[in-house]
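The values are calculated or read from the model by the stated rules, or taken from the named source; none is laboratory data. Fair warning: this is a prediction, and the values are worked out from it, not measured in the lab. Heads up, the Cβs are rebuilt from the backbone with ideal geometry, glycines too, and the neighbour counts pull from every protein chain shown. Each accessible area value is taken on the protein alone, full model and side chains, heavy atoms only, with ligands, DNA and RNA left out. Shrake-Rupley method; radii C 1.70, N 1.55, O 1.52, S 1.80 Å.
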Amino acid sequence: MTRIRRKEELMQPTGMRVIGFSGEDGSTLNDVEDRFNTPVQLEDPDTGRLQWGDTLAGNGIRDLTLAEVIALGFTTIEYQWMLRYELESPKGSFIRNEFELNALVAGHEPSKTNGIRLAYQHAPEGSVTRAQFERGTNHRQRGVDQNWPHHALGWVDEQGNRVQHVPDRFKARYLYDGYFGGRQIMEPLSEKGVTVMELTSLVVLGFSADEYRAIHAYEEETGSFVQSENHLDEIMGFSRDPGLKPPSR
């Protein structure tokens with residue numbers, strides 16, 4: 001079965017993409033005090049025209065592509081927690097501010113924000129140290145993924161040469177840049193799973209938000225990993241047999 005390439009299509013109903021937050025003067029901001037109550041900045045990919053968008057507090061994050069999640073400075077851990085919250089909560093329930101997000105990641109109900117502190121400092125993703133991470137969720141740095149010491153650079157073939165495309169993303173190996181320097185070739189995703197990867201790497205490796213949500217739910221529910229593109233097709237409802245349930249392989 002030829003694999004179905006699911007492009008990271010724009011999810012905004014306007015056909016525009018989120019590139020950051022809107023400043024009062026119409027400028028694009030990369031870092032704001034409250035990511036949930038600042039209008040997002042939309043850009044027309046064809047003309048470059050900018051337009052204000054709605055806030056995340058009123059719309060949630062499920063309609064964002066992975067690239068847009070990264071552009072808004074959310075870490076992989078934050079995104080995973082918000083996805084779980086939106087999937088398990090009544091329709092229209094969204095995280096409304098930074099305090100609620102901190103409470104959620106700390107293991108509390110979002111409404112219980114007493115004692116929750118904000119200690120964000122803008123930093124490039126992946127720059128936090130292990131000591132900083134162990135201080136706890138109230139000391140998370142915006143835009144920083146704390147658990148991932150390496151970042152994917154792209155696919156490699158059987159000889160270790162860089163390639164743009166591979167027949168099966170779950171069977172192929174990829175090159176990554178180690179946190180302490182040096183590049184190494186990583187084992188296939190079928191052996192380690194996808195949700196242990198940070199979002200930037202998944203964008204580099206060509207995964208869409210729809211794919212990520214399906215894989216994340218599957219790994220959490222079954223405790224096993226997606227084994228192939230065909231397996232992912234089945235999980236996402238693209239199997240030739242509409243009655244086939246996603247197998248645990």
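Can you sort Ile215, Ile19, Ile185 by solvent-accessible area, 1.4 Å probe, largest first?
Ile185, Ile19, Ile215
What does the charge dipole of the stretch 151-239 about its Cα centre add up to, to the nearest 20 debye, if the Cβ of each Lys and Arg holds +1 and the Cβ of each Asp and Glu holds -1? Please report the intermediate quantities before stating the final value.
On the way: 7 positive and 15 negative charges, 77 e Å.
Once rounded to the nearest 20, the dipole reads 360 debye.
Using modelled backbone amide H atoms (1.01 Å from N, in-plane), which distant-in-sequence or interchain residues come within less than 5 Å of Leu29's amide H?
Distant-sequence amide H within range of Leu29: Phe21, Ser22, Gly23.
Show the residues, 5+ positions off or on another chain, whose built amide H is closer than 5 Å to the amide H of Leu153.
Residues meeting the amide H criterion: Leu175, Tyr176, Asp177.
Sorted by accessible area (1.4 Å probe), largest first, how do Glu33, Glu68 line up? Numbers along the way, then the final one.
Numbers: Glu33 160, Glu68 5 Å².
Reading off the accessible areas and sorting them downward yields Glu33, Glu68.
Just to verify a number: FRET efficiency for Leu153 and Glu187, C-beta to C-beta distance, R0 = 22 Å, to 0.05?
On the way: r = 15 Å, r/R0 = 0.69.
It comes out at approximately 0.90.
In whole Hz, with x marking every Gly and Pro, tabulate ³J(HN,Hα) for the stretch 197-207 from phi via Karplus 6.51 cos²θ - 1.76 cosθ + 1.60, θ = phi - 60°.
8, 7, 4, 4, 5, 5, 5, 4, 8, x, 9
For the stretch 66-75, just list the computed ³J(HN,Hα) in residue order, Karplus coefficients 6.51, -1.76 and 1.60, θ = phi - 60°, integers in Hz, with x standing in for Gly and Pro.
My calculation for the stretch 66-75 gives 4, 5, 6, 4, 5, 4, 8, x, 8, 7 Hz in order.
Between Asp210 and Thr47, 0.36 nm times their residue separation minus their Cα-Cα distance comes to what?
Gain on stretching Asp210 to Thr47: 56.1 nm.
Keeping every protein chain present and rolling a 1.4 Å probe, give me the accessible area per residue for the stretch 43-113 in Å². If you can, show how the numbers build up before the last one.
Working: 3360 Å² over 71 residues.
Heavy-atom SASA per residue in the stretch 43-113 reads 47 Å².
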